[in-house]
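Okay, so here's the structure we're looking at.
The values are calculated or read from the model by the stated rules, or taken from the named source; none is laboratory data. Just so it is clear, the structure is predicted and the values come from calculations on it, not from any experiment. All Cβ positions, glycine included, derive from the backbone under ideal geometry; neighbour counts span all protein chains shown.
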Amino acid sequence: MITRRTSGTKGKGLIRSANRASTSSKKVQPVEARIGRLAEPSACERCGSVFSKRVWRRGRVTAAVLETVRWTTCPACEQARANVGFGRLLLRGSYVGDHEDAIRRRIANVAARGARTQPERRISSIDRDGDALEVITTSQKLAHRIARELEKAFGGRATYAWSDDGTLFATWRR
């Protein structure tokens, strides 16, 4: 007997993916463990990100959401205000001084691309330290992504060092 699947039934792949241990939505995010669970929906007063379904997102905000939203400050804005970050990237070499404008533009483009889908990943600061540039990011993933993109765009070499407290120290040289 041959049975056909109708459009309303789940395939085996979808059923199996829902049963995986890592897909649990009850997982507590590090920020949530530290400050407690926020009321949903919440919105950031500074950047406009919306906390819904336990995730901060940027995007369209409807009038219905704005009526029920609780205004607060998102963790990324708090980190940027306090100049604290989980990623530190040090750019070294004579190439950095000669092409600083192009490097800063590339860093801004990478950060903007990441912020569209994950507004918690931001640049806290970019400071000049002699011949080097120091970039502080709110997430280690953004620092890693910036170092990798600089390596692809301008050449050079990136090295990474993760610490036990969850921070990343990356160095890019050219």
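Couple of notes before you dig in:
- Among the residues making up the range 152-174, a single one is surrounded by 15 or more Cβ atoms within 10 Å (Cβ to Cβ) and closer than 16 Å to Asn109 by Cα: Phe154.
Yes or no, residue by residue, for (1) under 15 Å from the mean Cα position of the chain (by Cα); (2) farther than 19 Å from Leu142 by Cβ; (3) among the hydrophobic types (A, V, I, L, M, F, W, C):
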{"position": "Ser49", "(1), (2), (3)": "yes, no, no"}
{"position": "Val61", "(1), (2), (3)": "no, yes, yes"}
{"position": "Thr73", "(1), (2), (3)": "no, yes, no"}
{"position": "Asn83", "(1), (2), (3)": "no, no, no"}
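- Verdict on Asp129 being closer than 30 Å to Thr171 by Cα, loosely packed, with under 12 Cβ neighbours inside 10 Å and modelled with pLDDT of 85 or more: no
- Residue ID - modelled with the lowest pLDDT, chosen from residues in the range 38-92 that are part of a loop (DSSP other than H, G, I, E, B) and of a type in the set (Ser, Thr, Tyr): Thr62
- Looking at Gly93, Gly114, Gly156, Gly97, just one residue is under 30 Å from Val55 (Cβ atoms), in contact (Cβ under 8 Å) with a residue 24 or more places away in the chain and not hydroxyl-bearing (Ser, Thr, Tyr), and that residue is Gly114.
- Filtered residues of the range 104-123 (kept if at pLDDT 90 or above and of a type in the set (S, T, N, Q)): Asn109
- Those residues of the range 86-121 which are in contact with a strand residue (DSSP E or B) (Cβ under 9 Å, 6 or more places away or on another chain), acidic (Asp, Glu) and closer than 17 Å to Gly156 by Cβ, in sequence order: Glu100
- Those residues of the range 73-88 which are among the charged types (D, E, K, R) and in contact with a helix residue (DSSP H, G or I) (Cβ under 8 Å, 6 or more places away or on another chain), in sequence order: Arg88
- Filter pass, Thr73 being surrounded by fewer than 20 Cβ atoms within 10 Å (Cβ to Cβ), touching a residue at least 12 places away in the same chain (Cβ under 8 Å) and not assigned by TED's automatic domain parsing to the domain that holds Leu168: yes
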